[in-house]
Amino acid sequence: MLTLTSPRETPLHGWPAGVKLAGLCLFTLALFQLTAPLWLVGVAVALALGHLALGRDIAAAGFGLLRPLWPFALIVTVWHLILHDPSGGAVILLRMGSAVAAANLVTMTTRLSDMLAVLMRLVAPLSRLGLPGDRIALAVALVIRFIPVLSDRIALIRSAWFARSLRPPGWRLLVPAALAALDEAEHVAESLRARGGAG
């Protein structure tokens, strides 16, 4: 699960992790100041072109990481159609998609160790209060990596279900999805223990 960073080096790989994370924060803040769908479409197009400029493999991976958003997109679309507010729904969808795409791009071009080093610097003051800052930083970094990996595992489980049945799986995915999460957590725990633990 610690292999989401693109194995192929891109120009963004050479940027400091702190700069990329700060840029992501500023980008997200600016994104939520935009209210016109046309401007947000421009941002989405610029992000797509930025992905493509780094290579088709990066663009394909980035697009694939957006697929788990479709249930939220469906809910937002239906709700805003009911409210007769398609423009408001488009704004929410464009913001959500752009923010997640930008975050995925940072994730794909930043090593976990670099991200963890930045997070440890940010939470270092918590150590003076007796809180385990290093463990908090590790937990945050792992969550960032875990979400898309679990989404891929759930997609595989869904594919396996549909290979055997035409009915939608519904709640039946809960148990295998939970087991997949526990399996990933066990692998991570073993890796951490092999490297001396969170400390």
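In the range 14-28, what residues are closer than 14 Å to A102 by Cβ, surrounded by 15 or more Cβ atoms within 10 Å (Cβ to Cβ) and among the aliphatic types (A, V, I, L, M)?
L21, L24
Does R128 fit the bill of being buried (at least 16 other Cβ atoms within 10 Å of the Cβ), of a type outside the set (V, I, T) and over 26 Å from L12 (Cβ atoms)?
Working: buried (at least 16 other Cβ atoms within 10 Å of the Cβ): no; of a type outside the set (V, I, T): yes; over 26 Å from L12 (Cβ atoms): yes.
Criteria not met by R128.
Within the range 103-138, track down each residue that is of a type in the set (V, I, T), assigned to a helix (DSSP H, G or I) and touching a residue at least 40 places away in the same chain (Cβ under 8 Å).
Answer for the range 103-138, where residues must be of a type in the set (V, I, T), assigned to a helix (DSSP H, G or I) and touching a residue at least 40 places away in the same chain (Cβ under 8 Å): V106, T107, V118.
Return the only residue of L66, L83, L54, L47 being farther than 22 Å from A102 by Cβ and not acidic (D, E).
Within the list L66, L83, L54, L47, the selection yields L83.
Does D85 fit the bill of being modelled with pLDDT under 90 and not small (G, A, S)?
no
Go through the range 140-162 and report how many residues are free of Cβ contacts under 8 Å to residues at least 40 places away in the same chain and either of a type in the set (K, R) or over 21 Å from W70 (Cα atoms) (or both).
Residues meeting the conditions: 4.
The values are calculated or read from the model by the stated rules, or taken from the named source; none is laboratory data. This is a predicted model, so every value here is computed, not measured. Virtual Cβ from ideal backbone geometry, glycine too; neighbours counted across all protein chains shown.
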